[in-house]
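Below is one structure, written out as structure tokens; the observations come after it.
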Amino acid sequence: SAASLNAWSAIGSAILAVVSDSTRLSASMPNVLQVTIPSGSGTVGFRNSGYFDIQVNSQWTYTASFYYRFPSIFPTSSLSATVQLASTTGHVFASATATLSSTGIWTQVKVSLKPALSASNISNVFRVTLNDASLSSRINFNLSSLFPPTWQNQVNGIRRAIAEVLADLKQPLFFRFLGGNNLEGQTTATRWEWNIALDPPFKGPVRKRDWIYINTDSLCFYEYCVWIKFMGTEPIMGICAGYSLGRTALPQAQLAQYMEQARRWIEFVVDSTNTSGGALRASLDHLEHLKLNYVGVGNEDFSGSYFYRWNSFVSTLQADPPNIRSLARSYYNRLVLNPRVRSYGTHIYRNPCTPHHQFICQIPEQGGTTFFEGKSACISTILTNVRDFAGQLTHPLMQGSISQAAFIIGLERNADIVFVASYTPLLGHATQHRWTPNPITIDSRTVIRSSGCYIQQMPSVNHGYIYLLSTPASTSGVLFWPIVKESSSVTFVKVVNGGPSAIASFKILIQPKGSANDSNTPYDPTLVTPQTSAVATSRTFTVSASAMNPSEASIPLT
């Protein structure tokens, strides 16, 4: 169908079609791009416009690759191919040649592309042309790939600019994987499976992801492990607990294989190389194990069957290794769970104009039980239902970020109960997205830090280890602060003013400047940025806590 050729187009008189190939590159890739070369064609080929455009940067060296095979006998022994980065108007930025041998087996071509100059826009293509293709024939192609330099030059790794933004912001201090609904699948048969996701991209099965589109898991478990190690962050692992988004739960008698799969996954991450799990990790050139302290059992698992699945999984997993704490991913006050829950993972969504005091952490201490605020965000203008897509924000508003900051301060003041928290989701494409708003917005060229991103930076960069009691200079109900001590010589005072007027009280360490409805967008990516100023301090000191521009009207709520 035409949809199968989305982003692909022919060069010259070539004819493109997506067909099934009986000789598969892998069991998971039955279909191929078939290029038919009419007799007397001259130069023909195909082009691809990338994942919503391609940035061409002359300072980068790109790695391009594809697999090919001739499904029938070719009249000559070989054919010359040219691999290029080019504009949509035909200007060539980089070029390399390769020889395609007339063979019926799948063969990989890999070349380096170094642009002579940068493109003025991102409307560019990756293209392959077949030179002197004057004889009628067909060639099948599969798994075409184009990679710019990755962070730490990791093979099949993460885009460098994204990783650098996270590193610059000292984020994340932890990394939850596999995250959210991607873990469970619409059915247990389509759940994410760690051992299958270890396979190279062309071996692992393509599965239907939870939110409509296809997920190849090409960037997945192993790549995350390497990235976690490079970033110096700590993982929080999520395991499927026998419940799917289709609201079906496995009976207790069928849980054994899922518990064993989870146990082997943990073994792969934490064991030494003299065990089967550690040896498998070492065989993938990842010798060092990861520090793993927390494992989340399920995700938003509000089924009444959670009590027996929690019991089965935790009873099985807590003995090996014994120092990992299981996180319950269900209602923290509705089910009686055994073994006793020591830590919960909870989610909170609000609208930007929620009264600030409602964002202060109000989770009661329950005999040493702690909480992971795994998802929190200001996402919608709909007061009665923040998940209503009709009111969903595209980018974080300054107004919402201030509310989020007040919430984070509440978490920090209750750090004995809430041990870690995160904004979800962290990344989103500028135009091709399923969930908004996101603290970091990306497209093929740019990485945009929102006001929400800077708000996440505040506690991450300026976190202490001892909470100090303090007396407020104002009881207006819109001023929030913690005072935390990092060392004998460093104390952090962080203030959030959610009101319309300035308040003279505390030192401001990070002061994002902007009006209530301001957002950092692709059209104005630096509208809201942190402003830094020095202040003289002593045992008692006064500083004005700036407010959002009071002349700005609040966004309409319905």
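Name the residues whose placed amide hydrogens come within less than 5 Å of the amide hydrogen of Leu337, ignoring near sequence neighbours (fewer than 5 apart) on the same chain.
Placed amide hydrogens put nothing under 5 Å from Leu337.
Aspartates and glutamates within cross-link reach of Lys375: Cα-Cα under 13 Å, excluding same-chain residues under 8 positions apart?
The reachable aspartates and glutamates, counting only those whose Cα sits under 13 Å from Lys375, are Glu300.
Ordered by packing density, taken as the mean number of other Cβ atoms within 10 Å over each peptide's residues, highest first, how do 432-441, 303-312, 20-29 rank?
432-441, 303-312, 20-29
Give me the Debye-computed log₁₀ of I(q)/I(0) at q = 0.15, 0.25 Å⁻¹ for the range 238-312, equal point scatterers on Cα only, no solvent, two decimals.
Here the Debye-derived log intensity ratios amount to -0.59, -1.05.
At 25 °C and 0.890 mPa s, what whole-number value in µm²/s does Stokes-Einstein give for the translational diffusion of the range 385-427, with Rh from the Kirkwood sum over Cα pairs?
The calculation lands on 201 µm²/s.
Please give the charge dipole size of the range 83-165, origin at the Cα centre, charges +1 on K and R Cβ atoms and -1 on D and E Cβ atoms. Round to the nearest 20 debye.
Magnitude of the dipole: close to 80 debye.
If packing is taken as the mean number of other Cβ atoms within 10 Å per residue, what is the order of 460-467, 237-244, 266-273, 484-491, highest first?
Ranking the peptides 460-467, 237-244, 266-273, 484-491 by packing returns 237-244, 266-273, 460-467, 484-491.
Give me the accessible area per residue for the range 1-106, probe 1.4 Å, as a whole number in Å².
On a per-residue basis, the range 1-106 sits at 47 Å².
For the range 278-349, calculate the relative contact order in percent as a whole number, restricting contacts to Cα pairs under 8 Å that are 6 or more residues apart.
32
Given a cut-off of 24 Å, name the pairs among Lys170/Lys229; Lys229/Lys485; Lys291/Lys485 whose C-alpha atoms lie farther apart than that in the structure shown.
Lys229/Lys485; Lys291/Lys485
Ratio of Rg to Rh for the range 1-58, alpha carbon only, Kirkwood?
Reported Rg/Rh, Kirkwood definition of Rh: 1.04.
Applying a 10 Å radius around every beta-carbon, put 146-157, 183-194 in order of their mean neighbour count, most first.
Highest mean packing first, the order is 183-194, 146-157.
Can you compute the FRET efficiency between Asn323 and Thr89 using 1/(1 + (r/R0)^6), with r the Cβ-Cβ distance and R0 = 41 Å? Round to the nearest 0.05.
Computed FRET efficiency for Asn323 and Thr89: 0.10.
With θ taken as phi - 60° and the coefficients 6.51, -1.76 and 1.60, list the Karplus ³J(HN,Hα) couplings across the range 42-48 in order, rounded to whole Hz; mark glycine and proline as x.
x, 7, 9, x, 8, 9, 9
The values are calculated or read from the model by the stated rules, or taken from the named source; none is laboratory data. Note that the structure is a prediction, hence the values are computed from the model and not measured. Don't worry about glycine lacking a Cβ; one is built from the backbone with ideal geometry, like all the others, and counts go over all protein chains shown. Heads up: the accessible areas ignore ligands, DNA and RNA and are worked out on the full protein's heavy atoms, side chains in. Shrake-Rupley method; radii C 1.70, N 1.55, O 1.52, S 1.80 Å.
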